[in-house]
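What follows is one structure encoded as structure tokens, with my remarks underneath.
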């Protein structure tokens, strides 16, 4: 059967018109998203049921962009276990870093950062099947069923903005760039502190000459020494650099809190502080025995305190070894000399 040339021509024109229409619709969406992104302080676009439907589910036309969505709930901001406000702030840092790194590039219109609030958009939460927070979803260009979009692993929230950026780069192949965090001290605050320091210089010189500063107090030096020792053995610097939380919620049961994470790949702040406390106890006992107990004249008192110090130190070291064995799976134990067997 021969198909008339006129029919083929009409079919070709129809397909060409449909493609042009789809491209126009997609371009309009991208332009609107870019406009909303520009009007947002951090570059995160706030969505509701209507806007989410417009940009993701309203039509079957293809999308040229991906959307990363942070699911929020204002009534849960007071829950300290969820850290929603801090995570939302970190999400904004990732968005602003991506926009700054990709400005005036084609990749700028390939990914948009959005958030959605539970009370405003409960039906949208249902479309994604979100039933626990915190939660982040990446909706790719070809995703039609929102429940099939890619969810960020709950354990990755521990590293905050850095882990979010790694998730984006792994799933979209787009570069986020370095996370640009705001300075701790603003320019005006820095100028005020500098002026205050200059004014206080004469008073400081007078105090130093008179020997009346805190740096002349031996108790202050002792407190600083104990603090530095605890800071060194507790892994506090690791927690600061990696932005590790003290604890995290159990992803299998959000009502439970995890203080000790099994696995050598991550250390929570509570773990480091617990080990640091045990080490500090041993260090203080050693300092007490070598500097104060030796001055005691009564031998019975010396032996009693020495026995207690050894007993407590043995218990503390045993707890540290047990925690290391539990986290890493490697056994650490002592060996008796072969001549003792």
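The values are calculated or read from the model by the stated rules, or taken from the named source; none is laboratory data. Bear in mind that the values here come from a model prediction, so they are computed numbers and not experimental data. So basically every Cβ, Gly included, is an ideal-geometry build from the backbone, and we count neighbours across all protein chains shown.
Taking segment 56-66, which residues are in a helix (DSSP H, G or I) and over 11 Å from residue 141 (Cα atoms)?
Matches in segment 56-66: 57 only.
I'd like to check something: does segment 148-160 contain any residue that is surrounded by 12 or more Cβ atoms within 10 Å (Cβ to Cβ) and more than 24 Å from residue 129 (Cα to Cα)?
Yes: one or more hits.
Yes or no: residue 278 within 25 Å of residue 248 (Cα to Cα) and assigned to a helix (DSSP H, G or I)?
Numbers: within 25 Å of residue 248 (Cα to Cα): yes; assigned to a helix (DSSP H, G or I): yes.
Taking the combined requirement at face value, the residue satisfies it.
State all residues of segment 113-158 that are free of Cβ contacts under 8 Å to residues at least 24 places away in the same chain, under 18 Å from residue 55 (Cβ atoms) and outside any loop (DSSP other than H, G, I, E, B); if no residue qualifies, say none.
126, 147, 148, 150
Which one is nearest to residue 72 (Cα to Cα) among residues in segment 25-39 that are in contact (Cβ under 8 Å) with a residue 24 or more places away in the chain and touching a helix residue (DSSP H, G or I) at 6+ places or on another chain (Cβ under 9 Å)? Before the answer, list the steps.
Step one: list which residues in segment 25-39 are in contact (Cβ under 8 Å) with a residue 24 or more places away in the chain, which gives 25-26, 29-30, 33-34, 37.
Narrowing further to those that are touching a helix residue (DSSP H, G or I) at 6+ places or on another chain (Cβ under 9 Å): 29-30, 33-34, 37.
Working: 29: 24, 30: 24, 33: 20, 34: 22, 37: 18 Å.
Checked segment 25-39; the qualifying residue nearest to residue 72 (Cα to Cα) is 37.
Can you confirm whether segment 215-236 contains a residue that is more than 30 Å from residue 291 (Cβ to Cβ), touching a residue at least 40 places away in the same chain (Cβ under 8 Å), in a helix (DSSP H, G or I) and not assigned by TED's automatic domain parsing to the domain that holds residue 138?
Kept after step one, since they are more than 30 Å from residue 291 (Cβ to Cβ), are these residues of segment 215-236: none.
Within segment 215-236 (the criterion being more than 30 Å from residue 291 (Cβ to Cβ), touching a residue at least 40 places away in the same chain (Cβ under 8 Å), in a helix (DSSP H, G or I) and not assigned by TED's automatic domain parsing to the domain that holds residue 138), the answer is no, since none of the residues qualifies.
Looking at residue 3, is it surrounded by 20 or more Cβ atoms within 10 Å (Cβ to Cβ) and either more than 24 Å from residue 158 (Cβ to Cβ) or modelled with pLDDT of 90 or more (or both)?
Numbers: surrounded by 20 or more Cβ atoms within 10 Å (Cβ to Cβ): no; either more than 24 Å from residue 158 (Cβ to Cβ) or modelled with pLDDT of 90 or more (or both): yes.
In short, no.
Which of the numbered conditions does residue 288 fail, given that it passes all the others? Conditions: (1) under 30 Å from residue 262 (Cβ atoms); (2) free of Cβ contacts under 8 Å to residues at least 40 places away in the same chain; (3) in contact with a helix residue (DSSP H, G or I) (Cβ under 9 Å, 6 or more places away or on another chain).
(1)
Are any of the residues in segment 330-340 within 25 Å of residue 239 (Cβ to Cβ) and either in a strand (DSSP E or B) or modelled with pLDDT under 85 (or both)?
yes
Examine segment 67-79 for a residue that is in contact with a helix residue (DSSP H, G or I) (Cβ under 9 Å, 6 or more places away or on another chain), in a helix (DSSP H, G or I) and closer than 27 Å to residue 247 by Cβ, and state whether such a residue exists.
Taking every residue of segment 67-79 in turn, at least one turns out to be in contact with a helix residue (DSSP H, G or I) (Cβ under 9 Å, 6 or more places away or on another chain), in a helix (DSSP H, G or I) and closer than 27 Å to residue 247 by Cβ.
For residue 162, which of the numbered conditions (1) part of a helix (DSSP H, G or I); (2) free of Cβ contacts under 8 Å to residues at least 40 places away in the same chain fails to hold?
That leaves (2) as the condition not met.
Going by the structure shown, is residue 188 in contact with a helix residue (DSSP H, G or I) (Cβ under 9 Å, 6 or more places away or on another chain), under 26 Å from residue 85 (Cβ atoms) and not assigned by TED's automatic domain parsing to the domain that holds residue 140? Talk me through it step by step, then tell me what you get.
Working: in contact with a helix residue (DSSP H, G or I) (Cβ under 9 Å, 6 or more places away or on another chain): no; under 26 Å from residue 85 (Cβ atoms): yes; not assigned by TED's automatic domain parsing to the domain that holds residue 140: yes.
For residue 188, the condition - in contact with a helix residue (DSSP H, G or I) (Cβ under 9 Å, 6 or more places away or on another chain), under 26 Å from residue 85 (Cβ atoms) and not assigned by TED's automatic domain parsing to the domain that holds residue 140 - is not met.
Considering only residues that are surrounded by 15 or more Cβ atoms within 10 Å (Cβ to Cβ) and either outside any helix (DSSP H, G or I) or modelled with pLDDT under 85 (or both), which ones fall in segment 26-45?
Within segment 26-45, 26, 40, 42, 43, 44, 45 qualify.
Starting from residues that are touching a residue at least 60 places away in the same chain (Cβ under 8 Å) and in a loop (DSSP other than H, G, I, E, B), keep the ones in segment 165-201 and report whichever is farthest from residue 112 (Cα to Cα).
Ranking the qualifying residues of segment 165-201, first place goes to 181.
Please verify whether segment 88-103 includes one or more residues that are assigned to a helix (DSSP H, G or I), surrounded by fewer than 16 Cβ atoms within 10 Å (Cβ to Cβ) and assigned by TED's automatic domain parsing to the domain that holds residue 149. It would help to see each step written out before you state the result.
Residues of segment 88-103 assigned to a helix (DSSP H, G or I): 88-102.
The next check asks that each one be surrounded by fewer than 16 Cβ atoms within 10 Å (Cβ to Cβ); those that pass are 89, 100.
Retained after the next criterion (residues that are assigned by TED's automatic domain parsing to the domain that holds residue 149): 89, 100.
Checked against the condition, which is being assigned to a helix (DSSP H, G or I), surrounded by fewer than 16 Cβ atoms within 10 Å (Cβ to Cβ) and assigned by TED's automatic domain parsing to the domain that holds residue 149, segment 88-103 yields at least one hit.
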